[in-house]
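Report on the structure given below.
Derivation of every value follows stated rules applied to the coordinates shown; laboratory data play no part. On a predicted model such as this, the values are computed, not experimentally measured, just so you know. All Cβ positions, glycine included, derive from the backbone under ideal geometry; neighbour counts span all protein chains shown.
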Amino acid sequence: MSQRISKILEQWSLREPALTSIYYTHTLVENGSMKCYMRVGKRKIEFNPELINLLSDPALEEKLKATVLRICLKHPYERQPYGCSANVLKAASDLVLAPVYTLKFARLYHPNDFGLPVKKHFEWYAYKLMDQVKDAMKNISGIIKVGLDDGNVNVRELTPIEQLILEGMEEAELWEEDEEMQQEIKERIEQITNWGSIPHDTQEAIMVAQQGRIDYRKILRAFSTSVVSSERVFTRMRLNRRLGYKAMGSKHDMESRLLVAVDVSGSVENRAFAKFFRIITHFFRYGVESTDVIQFDCEIKKEVLPLNKASEKLKEFNRLGNGGTDFQIVVDYYHKHRNYDALIIFTDGYAGVPSENLPPRSKLLWIIDTEDNYNHVKDELSLLGRICFIM
């Protein structure tokens with residue numbers, strides 16, 4: 001059955017050079033056990049020979065083309081949104097692709113199906129769809145209602161989100177982050193001079209996908225490196241590199257203390273809190289003597305918690321705030337407590353910019369909850385410290 005796909009590729013080599021180039025970053029693999037026609041992930045394109053035998057040649061080509069376009073958009077290899085199921089990831093990919101590419105033999109989910117705007121990025125759609133899934137799951141028993149009326153069976157038509165919940169997850173089951181593949185795709189896209197039949201809107205979406213979005217991990221690594229201080233301690237238990245045991249060697253004891261201020265004014269979602277604490281725990285696991293967490297809105301809450309205790313209480317955070325946010329009180333607190341080496345502020349960014357007692361730019365990191373909020377506040381806050389967003 002792969003001979004049909006080979007024939008399509010022969011035709012593509014003449015009229016679809018862009019798709020051909022991206023296709024050959026993957027290996028074609030037969031998988032008769034899966035229940036979908038075709039799927040991509042882990043650097044391979046899998047197909048079910050029995051199922052694709054049911055497709056006409058044009059429909060098979062369209063299926064392959066849609067699969068390769070997902071690779072071009074890097075969705076199977078991008079930073080996978082935390083907590084999103086495979087069917088949500090596939091649907092989020094649809095919402096990016098559908099407004100810029102029309103299929104004749106199959107229908108992709110469209111942002112309009114879920115009341116969402118067009119031209120948002122993959123992660124944004126995934127989180128919005130996951131929210132809708134959670135709401136719909138509260139009424140899972142009512143998703144399909146079947147009744148008898150004069151011998152006729154009446155089945156309620158499913159909404160798009162209900163269809164999404166009930167469909168299989170196999171199409172995106174292999175999706176996982178792969179930075180090397182992301183880079184290889186990006187390099188091949190940059191070399192394309194002939195896009196073949198790919199429409200201009202689709203080309204534009206693919207090029208936008210290659211642009212590096214802010215990667216909070218790189219910023220956090222750099223910030224962590226800059227704030228982790230070390231004190232040199234002389235010891236005869238370690239060899240001196242130049243003089244051997246004739247002179248004392250040295251070791252470095254890590255003694256940095258970190259202050260984390262969390263905006264609990266009520267405008268940050270619990271999901272963002274959960275992701276934030278996972279990130280901080282991961283990036284500041286080593287080289288930091290202690291990490292303390294304070295909560296604030298227009299005032300500092302009394303309780304100061306170590307990071308592990310704060311993570312356990314994160315479900316309570318969104319209920320503490322009374323509205324209003326003041327960054328200046330956080331900066332003042334940081335300077336009043338001189339035992340801290342750096343400050344991280346987690347917020348949506350909407351408050352007056354602090355103007356007094358600001359710590360050095362290299363010692364202040366703003367972590368904004370969403371990309372939309374980041375775009376609104378980055379110009380002002382980036383002048384005061386490093387800044388990134390996490391969702």
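Couple of notes before you dig in:
- In this calculation the C-beta distance from residue 328 to residue 79 is compared with R0 = 22 Å, giving a FRET efficiency of 0.10.
- Gained length - residue 187 relative to residue 24, 0.36 nm times residue gap less alpha-carbon distance: 57.3 nm
- Likely footprinting exposure, 300, 8, 368, fewest C-beta neighbours within 10 Å first: 300, 8, 368
- Here the gap between residue 376 and residue 204, fully extended at 0.36 nm per residue and compared with their Cα-Cα distance, gives a gain of 59.5 nm.
- Among 216, 101, the ranking by other beta carbons within 10 Å of each residue's beta carbon, starting with the fewest, stands as 101, 216.
- Burial ordering of 302, 90, fewest other beta-carbon atoms within 10 Å first: 302, 90
- Span from the the range 325-350 Cα centroid across to the the range 365-385 one, whole angstrom: 15 Å
- For the range 63-122: relative contact order, % (alpha-carbon pairs under 8 angstrom, 6 or more apart): 29 percent
- Note on residue 383 and residue 195: with the Förster distance fixed at 45 Å, the Cβ-Cβ geometry gives a FRET efficiency of about 0.65.
- Net charge over other residues, Cβ less than 11 angstrom from the Cβ of residue 86 (K, R count +1; D, E count -1): -3
- Segment residue 362-residue 217, length gained on full extension (0.36 nm per residue, minus Cα span): 50.6 nm
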